[in-house]
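Chemist: Pasting in a structure now, in structure tokens, and then I'll have a few things to ask.
The values are calculated or read from the model by the stated rules, or taken from the named source; none is laboratory data. None of these values were measured; they are calculated from a predicted model. So basically every Cβ, Gly included, is an ideal-geometry build from the backbone, and we count neighbours across all protein chains shown. We work out accessible area using only protein heavy atoms, side chains counted, and drop any ligands, DNA or RNA first. Shrake-Rupley method; radii C 1.70, N 1.55, O 1.52, S 1.80 Å.
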Amino acid sequence: MEDPVSITLYPEQQNPCALNPSFASFNCKEAPRKNPFPEVRDLKAVLFDVDGTLCDSDALHYISFRDTLQEMGFQGGVPITEEFFMKNISGKTNYHIGLTLFPDWEQERRDKFIADKEVRFFSILPQLLKPVNGLYALCNWVKKQGLRRAAVTNSPRANAELMISLIGLSDFFDEIIIGDECERPKPFPDPYQRALKHFGIEPHQAFVLEDSPTGIRAAVSAGISTVGVATRNAEQTLNQAGATIVVKDFHDAKLWRALDTNRDKYSNATKQDFQAAYEVN
């Protein structure tokens, strides 16, 4: 077992701008603008975050981090709370999570901690992962509109591809864009700018679905209208990050009003319906 660890997270350590000199050019404190929701007739693509947006995986990440940290004696063996997880871990890349939790460690030791956490996460994922309510209804709408679609995430590629596979969307996405494979991950706009470039479209021709302030700031900075999905974070938190609208899940009437679509046409869609539509087409 690792030596017991007890640290205090100071505000500058919770801020990604202070953790990495390259973040200095990104003003994390600046009040974000809100990009207007595009006209449906102008849409060419929909861009999805993965963790907490497609599926409620944050709960599983929380369990994995909580148990791994407790096992190694973090904070004297007192389990981290969900509030701690949302504030210091959710939405960040593994690299920045390591820096946040263990600023005095060597990177090799941080990498070992993350690897141990991922083993625990992968062990519970197949049994416990569930899609966010209404996901297949929205995916059916997106497909019937003939829109392009990308998953844009700070998760490692192996995690993202496994989660997308487990919820039956491997054939749905045209592209999976990983934050750590871009020059800069979220909260920088680079991953969403890469998605726009991949599809050859302008920001007003897409919208983003995101559950975290980190992801919303990235999308807003890329000039793209963003729907905040309040699976874990509070509506106020997502609004303050710059979300154009905030919904509790994909059945929310606010989403379907923005899409100018009768929700009842899609509200009962299931994973089986969605996969059957692919087989027919």
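Chemist: With all protein chains present, how much of the accessible area of the range 153-244 (probe radius 1.4 Å) comes from carbon and sulfur, to the nearest whole percent?
Modeler: Ligands and nucleic acids excluded, carbon and sulfur give 40 percent.
Chemist: Which stretch or stretches of the range 101-140 have amide N atoms under 11 Å from the point lying 7 Å from Ile63's Cα along the Cα→Cβ direction?
Modeler: 121-130
Chemist: Tell me the angle of helix 271-280 to the major Cα principal axis of the chain, expressed in degrees between 0 and 90 and rounded to the nearest ten.
Modeler: 50 degrees
Chemist: May I ask which residue of Leu128, Leu101, Ile89 lies farthest towards the positive end of the charge dipole of the range 87-132, with charges of +1 (Lys, Arg) and -1 (Asp, Glu) on Cβ and the Cα centre as origin?
Modeler: Leu128
Chemist: While we're on this one: If R₀ is 30 angstrom, what is the calculated FRET efficiency for the pair Asp171 and Thr81, using the beta carbon separation as r and rounding to 0.05?
Modeler: The formula returns an efficiency of 0.20 here.
Chemist: Quick one, what does Rg over Rh come out to for the range 70-184 if you take C-alpha atoms and the Kirkwood Rh?
Modeler: 1.02
Chemist: Return one whole number: the accessible area per residue of the range 136-281 in Å², for a 1.4 Å probe.
Modeler: 42 Å²
Chemist: Whose amide H sits under 5 Å from the amide H of Thr226, counting only residues 5 or more places off or on another chain, with H placed in the peptide plane?
Modeler: Asn35, Val208, Thr244, Ile245
Chemist: Using every Cα-Cα pair within the chain, state what percent have a distance larger than 32 Å.
Modeler: 22 percent
Chemist: Sticking with this one: When the solvent-accessible surface of protein heavy atoms is calculated with a 1.4 angstrom probe, in what order do Asp67, Asp180, Asp171 fall, highest first?
Modeler: Output order, biggest surface exposure first: Asp171, Asp180, Asp67.
Chemist: Which angle from 0 to 90°, rounded to the nearest 10, does the C-alpha axis of helix 157-166 make with the longest principal axis of the chain?
Modeler: 50 degrees
Chemist: Any lysines with Cα under 17 Å of the Lys144 Cα? List them, leaving off those in the same chain fewer than 8 positions away.
Modeler: The qualifying lysines are Lys44, Lys265, Lys271.
Chemist: For Glu108 and Lys130, calculate 0.36 nm times their separation in residues minus their Cα-Cα distance, and state this gained length in nm to one decimal.
Modeler: 4.6 nm
Chemist: For the chain, what proportion of DSSP beta bridges, expressed in % and rounded to the nearest 5, is antiparallel?
Modeler: Among the beta bridges of the chain, antiparallel pairing accounts for roughly 5 percent.
Chemist: At R0 = 30 Å, how high is the FRET efficiency between Lys271 and Glu71 if r is their beta carbon distance? Nearest 0.05 is fine.
Modeler: Plugging the Cβ-Cβ distance into 1/(1 + (r/R0)^6) gives 0.30.
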